[in-house]
Amino acid sequence: MKKAILFLITLFAAVLASAQTIEGSWTGKLNVMGTQLNLVFNITKTDGGKLACTLDSPDQGAKGIPAEITVSDGVNVKINVPAIMASYEGELANGQLKGTFSQGSMPFPLDLKPGKVERNRPQTPKAPYPYTTEEVKFTNTADNATLSGTLTYPADYEKMKKKTVPVVIMVTGSGQQNRDEEVFDHKPFLVLADFLARNGIASLRYDDRGTGKSTGDAANATTENNMKDALAAIDFARHTGKFGSVGVLGHSEGGTIAFMLGAQGKADFIVSMAGPGVRGDSILLEQNRMMLVGAGVPQQFADAYCKALGRILDGIKDGSALKWPDIAVHVAAQQTGANLPEPIMQNLKAVIQQCTPWFKYFISYDPSADIRSVKCPVMAINGSKDAQVAAAGNLTAIRRLLPPNSLNLIKEYHELNHLFQHCTTGLPTEYAQIEETMSPEVMQDIADWIKKAIRQ
């Protein structure tokens, strides 16, 4: 009798385990030094019936990282993520995965529940819109890049005189981004295009080359190549004959591109949103210093690391570090006068090994000459808590370099970060947690300033 009961209990447990499906998305929060990071494992079944898996880190903007999964006894799950040298082991029980996430030699408890990370983005516009949009394509023939984008007409465009309607070319920041400049489920350019359309201003935003519906060589592209893409957008907008003034609104690297185009006399007005006013290596060093200190790293260590990084960047610019990475790192560490730990040494070496044409151009490019040559009206803005392009030194440089123009507006916004969100720390780790996509004050100021600039 006891054997029969035991058999029934075992059978019941097996049935219960098999009823718990492992397929789907599993979400949990990883606690790392007081910072919580959402992780999502996406588990699917291939046509051949095998399990497949990818990892998302929504708070870091990473999606679809390849992973390897094995499941034993229907409940024991092992996942390896070679690209980031990480793994996860857990057991399926009561509809949850309870286990441990490890990266390198560091283990962290991580329990997962079914579902994806849900973000609330209240500013993202919802159709139907009180204005018209049009899918368009244009070509940068010099680089054989075809850009696909969205032309957004202002509300009541048909009732307006075409020569009075300004159009803004929106240029994204560094990295390959879609036309909405989407990051962490925020869509800043979509939100801004919607706001401008409701305020009588047209806009053209486009997928970066090699992203979305756009084609072109992204791997070897520099800021100069990206500038040529934006110039193609300007030419397209002018040739439609549907608008009056054509301006450029650039965010971060897009701000640099706006100044480049302004220096060439291609733009009727410029809006630089956290566009650099100093050389790229200076931006990068200050960015690293601010982020390290903001993350709780002692100032002395942050300064030592940035000093070593500065030596590495100099070596990349003159080519010596690219030829002898190990020597460059060793010499840079010696010159800091600090005993940098091995992981930091490897990080410095990775900066050299992962150097791209874009990166080398970025750290070498000095925007001073272009900013000095801009004759059109300029609106240059920064957030006071921008941890990527420091407001104080950046706006000071732009103010000093820009030729006098009564229409120029240079403004620092209190308590805003690099994305122009109201924030607490300004660190990128905070971007995803903030519901606001862009400060309404900033958007209103941009719309008001453009209207003022085109009246002159």
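The values are calculated or read from the model by the stated rules, or taken from the named source; none is laboratory data. Values in this document were obtained by computation on a predicted structure and should not be read as measured data. Neighbour counts are summed over all protein chains in view; Cβ atoms, including those assigned to glycine, are modelled from backbone coordinates with ideal geometry. Each accessible area value is taken on the protein alone, full model and side chains, heavy atoms only, with ligands, DNA and RNA left out. Shrake-Rupley method; radii C 1.70, N 1.55, O 1.52, S 1.80 Å.
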Examine the stretch 306-320 for a residue that is open to solvent by 10 Å² or more (accessible area, probe 1.4 Å) and in contact with a Gly (Cβ under 7 Å, 6 or more places away or on another chain), and state whether such a residue exists. no
Of those in the stretch 112-134 that are open to solvent by less than 80 Å² (accessible area, probe 1.4 Å) and in a strand (DSSP E or B), the residue nearest to residue 187 (Cα to Cα) is 133
Specify which of the listed residues (58, 66) is under 31 Å from the mean Cα position of the chain (by Cα), surrounded by 18 or more Cβ atoms within 10 Å (Cβ to Cβ) and not hydrophobic (A, V, I, L, M, F, W, C). 58
Residues of the stretch 26-56 satisfying the condition of being charged (D, E, K, R), over 19 Å from residue 78 (Cβ atoms) and in a loop (DSSP other than H, G, I, E, B): 47
Taking the residues in the stretch 85-111 that are assigned to a strand (DSSP E or B), more than 19 Å from residue 59 (Cα to Cα) and small (Gly, Ala, Ser) as candidates, determine which candidate is farthest from the chain's Cα centre (by Cα). 93
Scanning the stretch 85-96 for residues that are modelled with pLDDT of 90 or more and touching a Lys or Arg at 6+ places or on another chain (Cβ under 8 Å), which turns out surrounded by the most Cβ atoms within 10 Å (Cβ to Cβ)? 88
Looking at the stretch 250-304 only, could you name the residues that are farther than 15 Å from residue 362 by Cβ, β-branched (Val, Ile, Thr) and either modelled with pLDDT of 95 or more or open to solvent by less than 10 Å² (accessible area, probe 1.4 Å) (or both)? 270, 271
With a cut-off of at least 2 residues that are touching a Pro at 6+ places or on another chain (Cβ under 8 Å) and within 23 Å of residue 143 (Cβ to Cβ), name the helices (runs of 4 or more DSSP H) lying wholly within the stretch 220-310. 253-263
Of the candidates 209, 198, the one satisfying the condition of being open to solvent by less than 20 Å² (accessible area, probe 1.4 Å), more than 15 Å from residue 134 (Cα to Cα) and not small (Gly, Ala, Ser) is 209
Could you check the stretch 57-83 and list, in sequence order, the residues that are assigned to a strand (DSSP E or B) and either aliphatic (A, V, I, L, M) or touching a residue at least 60 places away in the same chain (Cβ under 8 Å) (or both)? 62, 65, 67, 69, 71, 77, 79, 81
Output for the stretch 384-423, where each listed residue is polar (S, T, N, Q), in contact (Cβ under 8 Å) with a residue 12 or more places away in the chain and farther than 12 Å from residue 275 by Cα: 384, 396, 405, 408, 417, 421
Given the structure, is residue 161 closer than 12 Å to residue 232 by Cα and open to solvent by 80 Å² or more (accessible area, probe 1.4 Å)? no
Kindly evaluate residue 299 against the criterion of being free of Cβ contacts under 8 Å to residues at least 12 places away in the same chain and out of contact with any Ser or Thr (no Cβ under 9 Å at 6 or more places or on another chain). yes
Please give the number of the condition residue 350 fails out of (1) open to solvent by 60 Å² or more (accessible area, probe 1.4 Å); (2) closer than 30 Å to residue 321 by Cβ. (1)
On the basis of being polar (S, T, N, Q), under 26 Å from residue 120 (Cβ atoms), in contact with a Leu (Cβ under 6 Å, 6 or more places away or on another chain) and at pLDDT 95 or above, does residue 203 make the cut? yes
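Quick one: which of 230, 155, 218, 193 is under 19 Å from residue 276 (Cα atoms) and either at pLDDT 95 or above or open to solvent by less than 30 Å² (accessible area, probe 1.4 Å) (or both)?
Matching residue, one of 230, 155, 218, 193: 230.
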